[in-house]
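The structure appears right after this line, and notes come after that.
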Amino acid sequence: MRVGHISDLHILHLDQPAPLEFLNKRLVGGLNLILNRSKAHSRQVVERALAQLDELDVDHIVISGDLTNLALESEFIAAAEVVSTIADATDRVTVVPGNHDYYTPGAVRAGRFEEHFAPFLKSDLPEFQLDHGYPFCHLRGPVAFIGLNSGIATPWLFATGRVRDDELLATRELLAHEEIKSRFKVVVVHHPLFPDEHHRVYFNRRLINRADLLDVVRHGDVDVVMHGHNHVFSIVRVPKLGSPGTTFVCEAGSTSMDGGGDERIAGRFNIYTIEDGELQTVESHLFQGHESGFVPWHTEVFRHEVAGT
Ligand SMILES: [Fe+2]
Ligand SMILES: [Fe+2]
């Protein structure tokens, strides 16, 4: 199975947001966004990534959060439109919210993300889903995708996340289910499990209970964690605790960054090849302008076939 991983789309759509909506943290966030972000993230770059993932024959697509910027209704409509262009999207897409999709208490209370992405949040083992809809799982052939929610509404200048304690408990139980245990296990969550070396200040953007989630992941023999949030490509390997083997904690980077020719910030996506119950390779593809589109940039090979064996 080949799995495409896109993230942090930050699709901009500021069509007449109600004035009242700007009388909260969006006042700061919105101004910052307009000044700094409006040219950086591009819907066209996301559409190009999806077209290329189609050509590259991926079976499933993971989207690890931050589809919007200010969690506005208009942004969710635009983001859902983009996702719905994926062929057989409701069967082939696993998507979770990020902190930007939970930008204000109002957006969280209204369940705006869950409303717009409801068809993608249906679980194959619904008995483990809590009132807020997580954890959910998608059983697809030999692979189980488990979606978690680390989004919380935060004060100004904070981008922290937290997975609810009852959600962690339900995830631990879900990972012990026969249908999951017998499969290759992928956990999808927006916030990273490890401190971020790419930002000067980490405290205000961390996953608050990352140690607890890491414990669930390692004891649950999770094979790959796919996350977003830092907008960089990274792979961290940690030993499993429930059995021999490795948990790969992977970030694709932000897919929508135009980059303006700067490879350090240009858009990225990952493709994971999973065969015989093992992660074989992770390929990172980098956006190199509207003419070339995304090109292979870096490949990690985890399983080497020895000739004649
Ligand atoms: Fe982001
Ligand atoms: Fe984020």
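The values are calculated or read from the model by the stated rules, or taken from the named source; none is laboratory data. Since the structure is predicted, the reported quantities are computational estimates derived from the model, not experimental observations. Positions of Cβ are backbone-derived with ideal geometry, glycine not excepted, and every protein chain shown enters the neighbour counts.
Observations
- Qualifying residue in segment 182-190 (condition: out of contact with any Leu (no Cβ under 9 Å at 6 or more places or on another chain), within 16 Å of HIS100 (Cβ to Cβ) and touching a residue at least 60 places away in the same chain (Cβ under 8 Å)): no
- Taking segment 1-106 as the region of interest, the helices (runs of 4 or more DSSP H) fully inside it that hold 1 or more residues being β-branched (Val, Ile, Thr), closer than 24 Å to HIS138 by Cα and at pLDDT 85 or above are 43-55, 73-84, 89-92.
- Any hit, segment 91-107, residues being among the small types (Gly, Ala, Ser), within 22 Å of ILE208 (Cα to Cα), more than 16 Å from ligand 1 (Cβ to nearest atom) and more than 18 Å from the chain's Cα centre (by Cα): yes
- Some residue of segment 258-268 being modelled with pLDDT of 95 or more and acidic (Asp, Glu): no
- Evaluating LEU207 against the criteria (1) hydrophobic (A, V, I, L, M, F, W, C); (2) over 24 Å from HIS298 (Cβ atoms); (3) away from ligand 2 (no atom under 15 Å from the Cβ) leaves one unmet condition, (3).
- Residue in segment 79-99 that is farther than 19 Å from HIS5 by Cα and either without any contact (Cβ under 8 Å) to a residue 40 or more places away in the chain or not polar (S, T, N, Q) (or both) present: no
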